[in-house]
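*Asks:* The following block contains the structure, expressed as structure tokens.
Nothing in this text is a laboratory measurement; each read-out follows from the coordinates by a stated rule. Small disclaimer: the values here were computed from a predicted structure and weren't measured. Backbone-built Cβ (ideal geometry, glycine too); neighbour counts: all protein chains shown.
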Amino acid sequence: MVLRLGTRTSALARAQADQVRAALVARHPGLAVELVGIRTTGDRLARGPLAAAGGKGLFVKEIEEALLAGTIDCAVHSMKDVPVRLARGCVIAAVPPRADPRDVLVGGGALAALRPGTRIGTASLRRRAQLLARRRDLAVAMLRGNVDTRLARWRAGEVDCLVLAAAGLARLGVVVPEAQPLGTDELLPAVGQGALALECRADDAHTRALLAAIEDPTAAAAVAAERAFLAALGGDCNTPLAAHATVADGRLRLRAEVLSPDGARRLAAADDAPIAEAEPLGARLAAELVARGAGALLGA
């Protein structure tokens, strides 16, 4: 049997799928794994905000269609691109070990040390709101494209700095000496950032069993809490929000925040619970922020 992994066609997506293939072969010697590249609507929209075109689900739609059609057996996604509602008949079968969930600032050194008016490139509404919440004197510019494209535009002087995901640079093997990690107290990561989602058909017991062998229970619990927070708020990429869970001594600690698009208003909260209560923890934290007025920010 050949296990067919569906993936976007970008260099980063293929690097992620290659890592999954290697992990599967290591756990299942003799298993043949084939990568199937699928170009998505999101990949074809090179410019402009994703929110205006329908959101990050645009990076998933065609891959889920191939999954349901039987063209592929498993989809490899960046977790932060996966909507909280999957296509009917699909499930997230496994979450492999998570990479560094933090953002990095490329150029300029520390965030606090940037001069007023510094131009920072990002296509993320979350990052834009968070940056402006901490530094209203910065100029945040829309800058889409793959990692290499954004780095090239930064080096060409279109912007002074970039904010990128640490996991993306690491998975591509790209070393940028000017990149400095941003602590989660500076920019709280996006829901699922640094994690991968392995999606398959709900009725495909064989593939689910193969994928389960490479799941990281700690990463899966953390992501479950974050996605439960997102689902309870009804959030999507039109909403600047963040949530990040960590595990220590058998307990999950979840930190979350919701911001207005201009960063002028920010609500934050944190709570913890046993690992087995990951989803109730996310829902509880969302309810707390709603009670404190997050609904007004969500509709801003």
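*Asks:* Given contacts defined as C-alpha pairs under 8 Å and at least six residues apart, what's the relative contact order of the stretch 207-293, whole-number percent?
*Replies:* Relative contact order, the stretch 207-293: 32 percent.
*Asks:* Set Lys and Arg Cβ to +1 and Asp and Glu Cβ to -1, take the dipole of the chain about its Cα centre, and tell me which of 217, 31, 131 lies farthest positive.
*Replies:* Going by the charge dipole, the pick is 131.
*Asks:* Please list, by residue number, every one of the trypsin sites (Lys or Arg not before Pro) in the stretch 88-133 that is coil in DSSP and has at most 12 other beta-carbon atoms within 10 Å.
*Replies:* Those satisfying the criteria are 88.
*Asks:* Separation between the residue 158 and residue 174 pseudo-spin-labels, each 7 Å from Cα along Cα→Cβ, expressed in nm?
*Replies:* Here the modelled spin labels are 1.2 nm apart.
*Asks:* Can I ask one more? Could you work out the per residue convex hull volume over the alpha carbons of the stretch 103-181, in cubic angstrom? Walk me through the intermediate numbers first.
*Replies:* Details: hull volume 6.3 nm³, N = 79.
Output value, Cα hull per residue: 79 Å³.
*Asks:* So if each residue of separation counts as 0.36 nm, and I subtract the Cα-Cα distance between residue 142 and residue 91, what length gain in nm does that give?
*Replies:* Fully extending the segment from residue 142 to residue 91 adds 15.1 nm.
*Asks:* Residues of the stretch 171-195 with amide nitrogen under 19 Å from the 7 Å Cα-to-Cβ point of residue 270?
*Replies:* Counting only backbone N, you get 182-193.
*Asks:* How would you rank 239, 184, going from fewest to most other Cβ atoms within 10 Å of each one's own Cβ?
*Replies:* Ordered by Cβ neighbours within 10 Å, fewest first: 184, 239.
*Asks:* Hey, got the dipole for the stretch 194-249? About the Cα centre, +1 on K and R Cβ, -1 on D and E Cβ, debye to the nearest 20?
*Replies:* Its charge dipole is roughly 80 debye.
*Asks:* Mind ranking 64-76, 200-212 by how tightly packed they are, going by the mean number of other C-beta atoms within 10 angstrom, highest first?
*Replies:* Descending mean neighbour count gives 64-76, 200-212.
*Asks:* Still on this model: Just to be sure I understand the model, the point goes 7 Å from the Cα along the line to the Cβ. What's the resulting residue 248 to residue 215 distance in nm?
*Replies:* 2.6 nm
*Asks:* Thinking of the chain as a set of Cα atoms, what percent of all their pairs are more than 29 Å apart? Mind showing how you got there, number by number?
*Replies:* Details: 15262 of 44850 pairs.
Everything past 29 Å amounts to 34 percent.
*Asks:* Could you tell me what percent of the DSSP beta bridges with both partners in the chain are antiparallel, to the nearest 5?
*Replies:* If we restrict to bridges inside the chain, about 70 percent are antiparallel.
*Asks:* Among 230, 190, 110, flag the residue with its Cα farthest along the positive direction of the charge dipole of the chain, charges on Cβ as +1 for Lys/Arg and -1 for Asp/Glu.
*Replies:* Toward the positive end, the furthest listed residue is 110.
*Asks:* Let me ask something else about it. Taking R0 as 25 Å, what FRET efficiency do you get between residue 68 and residue 25 from their Cβ-Cβ distance, rounded to the nearest 0.05?
*Replies:* According to the calculation, E is roughly 0.45.
*Asks:* Here's a follow-up. Only Cα pairs under 8 Å and at least 6 apart count here; give the relative contact order of the chain as a rounded whole percent.
*Replies:* About 21 percent, as a whole number.
*Asks:* Assigning unit charges at the beta carbon (Lys, Arg +1; Asp, Glu -1) and nothing else, what dipole magnitude in debye, to the nearest 20, does the chain show about its Cα centre?
*Replies:* That gives the chain a dipole magnitude of about 800 debye.
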